[in-house]
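What follows is a short report on a single structure.
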Amino acid sequence: MNPVMTTSSEREPLSAIIAETLGSQVVTVGEVADRVAQRGFGLIMIVLALPTMIPVLPPGSAAFIGLLYILLAAQMLIGQQRPWLPGRVRNYRLASGTMQVLRERGIPLLQRIERLTRPRATWIPDAILTRATAVAALLLGIILLSPLPFFNTIPALTVLILGIGLFNRDALFLVGGLALSAGVIAVAIAGADTLITLVERLIQRAR
């Protein structure tokens, strides 16, 4: 991968950026997006992944963030340089409970990951890795839209790994995230098949 020149502000740790953003009492998705827009898609993927790692989310939260994954992935696939979010999404407020969990668990997790990641090159061209990351995020977003119960933590962790790899130009995280994505998608397909079979049996018994 080609080296990317960064300013001192761009080298600010992810955990510091997100901690500063969460310092306000009321935080909207738009405020987070504005804070990280200059850092590209990688950081906003990380920000969106962190709330979804909470095992039990408020109803509809996982599906909402899944839609954002799909929106961002579509923009990456068409070659857009900076993330764009519709007004209604920008005005969405993070729940106070979600912000507290992010402060207590999300920030420490990022700090541990930051000690492991750094720019690493690979023989795979940047364009291919970026497109593959976009496809993975798209499929993981679709998974979050599915009715599979409690199946949001692992896809969120996968998006987190992909986002860190994209943000830091770390090929090891990107390739690892893509491999984990393949496993998550396979499990989701198997889980969906089992769920469909179970529903069919329940319908047959009810007749």
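In what sequence do Glu31, Glu200 fall when counting other Cβ within 10 Å, fewest first?
Glu200, Glu31
Mind grabbing the base-10 log of I(q)/I(0) for segment 14-206 at q = 0.08, 0.14 Å⁻¹? Debye formula, identical points on the C-alpha positions, no solvent, two decimal places.
Once normalised to I(0) and log-transformed, intensities are -0.26, -0.77.
Between Ile128 and Gln80, what length comes free when the chain is fully extended (0.36 nm per residue of separation minus the Cα-Cα distance, one decimal in nm)?
Residue separation times 0.36 nm, minus the Cα-Cα distance, leaves 15.8 nm.
Just to verify a number: FRET efficiency for Thr197 and Glu104, C-beta to C-beta distance, R0 = 41 Å, to 0.05?
0.55
Only the coordinates and a few stated rules stand behind these numbers; no lab work does. Keep in mind that this is a model prediction, so the values were computed, not measured. Glycine gets a Cβ as well: all are built from the backbone with ideal geometry, and neighbour counts include every protein chain shown.
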